[in-house]
Amino acid sequence: MHSRLRFVLALILASLVLAVSARAQTPTYVLTFGGSGAGNGQLAYPLNVAVSPAGEVFVSDAGNSRVQRFDANGAYLSQWGSEGIGPGQFLNPNGIAFAPSGDVYVTDQSRVQQFTTSGAFVRTWGTQGSANGQFRIATGIAVDADGFVYVCDRLNQRLQKFAGDGTWLATFGGPGTTVGPLSCDLGFALSPAGTLLLTDAVTLDVVEVGRDGAFVRRWRDGLTLPYGIAVGPDGELFVTDKATDRASMFTPLGSPLASWGGYGTSNTQFQSIGGIAAGPEGSLYVLDPSVGKVRKYHYTPYATPAATETWGAVKARYR
């Protein structure tokens, strides 16, 4: 009887191992688009990438002072922007996020600009400085389901919250605060649970805070220099590592699932890994800025393991 129990327990353990292995598969390469240059669809040191609710891919083409829009398979659709400080112009476009209405927000040095999906200028806000509503390098940006806009204010080491029209609402973090300095790097994302995730350029951690600014946690399991960050629809986390040119996939709680990349020129390697974005149906886009490329991968969405029988129930069945 004891041998039968041991056999059943072994089967359960084996099924759990297989389930974890299935969830931990390395994303598969799909295609590459872009390439260095200034023509339509070409990129010059792109800083960030984002996927719209419609599944289109938007890239902040910093070296060309513009934003470019592609379909899910990298076909060029449109662009807007030119070098300058006027409405609709850019000095160094960085973070991209989408309003519930479909409008596009783009950070650029000490301001945020808002556009329609087609690139028509709507409004801008922010100036250089440290007062509420000012920025010393605005980097990552995120928008929640209620339309509130959250912006990483890197050199002021804080996050700022705005209404969709740019009205300042709150400031989170900073030297001397309970949360402490938040030196947001490139990575900034909103989780399905409604928390904010950022990569900290000083502590080299992934930091999670609530939308009210309350500290949740910080971690860096297996990461050396976390840079870009993205969250999939099922809560899976993706982080690029600038020191190793690798991308990693984590559970919603930060447990490692898979890692891929490294320095090189193959389709699964990077010469200078950058921003990352997750799209629908397991699509994933990773920037390789120094060569102006975007690599698309496909991943198996994370699924919370189904509840299994308790040890007590198994034992009771074979008493």
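The values are calculated or read from the model by the stated rules, or taken from the named source; none is laboratory data. Computed from a predicted structure; not experimentally measured. All Cβ positions, even for glycine, are placed from backbone atoms using ideal geometry, and neighbour counts span all protein chains on display. Side chains are part of the model used for accessible areas, which takes the heavy atoms of the whole protein and leaves out ligands, DNA and RNA. Shrake-Rupley method; radii C 1.70, N 1.55, O 1.52, S 1.80 Å.
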Between S290 and S118, what is the spin-label point distance in nm, taking each point 7 Å from the Cα along the Cα→C-beta axis? 4.0 nm
At 1.4 Å probe size, put E56, E281 in order of accessible surface, largest to smallest. E281, E56
Considering only protein heavy atoms, what per residue accessible area in square angstrom results for the chain with a 1.4 angstrom probe? 42 Å²
Hey, what angle do you get for helix 2-23 against the long axis of the chain, alpha-carbon based, 0 to 90 degrees rounded to 10? 10 degrees
Put one equal scatterer on each alpha carbon of the stretch 76-120, apply the Debye formula with no solvent term, and list log10 I(q)/I(0) at q = 0.13, 0.14, 0.30, 0.33 1/Å to two decimals. -0.26, -0.30, -1.22, -1.33
GNM result for the chain, Cα springs below 10 Å: residue of S36, S266, S290 fluctuating most strongly: S266
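Taking Cα pairs under 8 Å and at least six residues apart, what relative contact order does the chain come out at, in percent? Provide the component values of the computation, followed by the final result.
Details: 847 pairs, mean separation 48.9, N = 319.
After rounding, I find 15 percent.
Leaving ligands and nucleic acids out of the surface, order D221, D200 by accessible area at 1.4 Å, largest first. Working shown, then result.
Details: D221 85, D200 0 Å².
So the residues, ranked largest to smallest area, are D221, D200.
With each run of n ≥ 4 DSSP H residues scored as -39500 (n - 2.57), what mean residue ellipticity at 222 nm is computed for the chain after dividing by its residue count and rounding to the nearest 500 deg cm²/dmol? Show your work: numbers first, answer last.
On the way: 2 runs with 29 residues, N = 319.
Value at 222 nm, helices only: -3000 deg cm²/dmol.
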Restricting things to alpha carbons, find the Rg to Rh ratio for the stretch 116-248 using the Kirkwood radius for Rh. 0.96
Output for the chain (equivalent-ellipsoid semi-axes, sqrt of 5λ from the C-alpha gyration tensor, Å, descending) is 38, 23, 17
Rounded if a/c under 1.5, otherwise prolate or oblate - the stretch 34-125, Cα gyration tensor axes: oblate
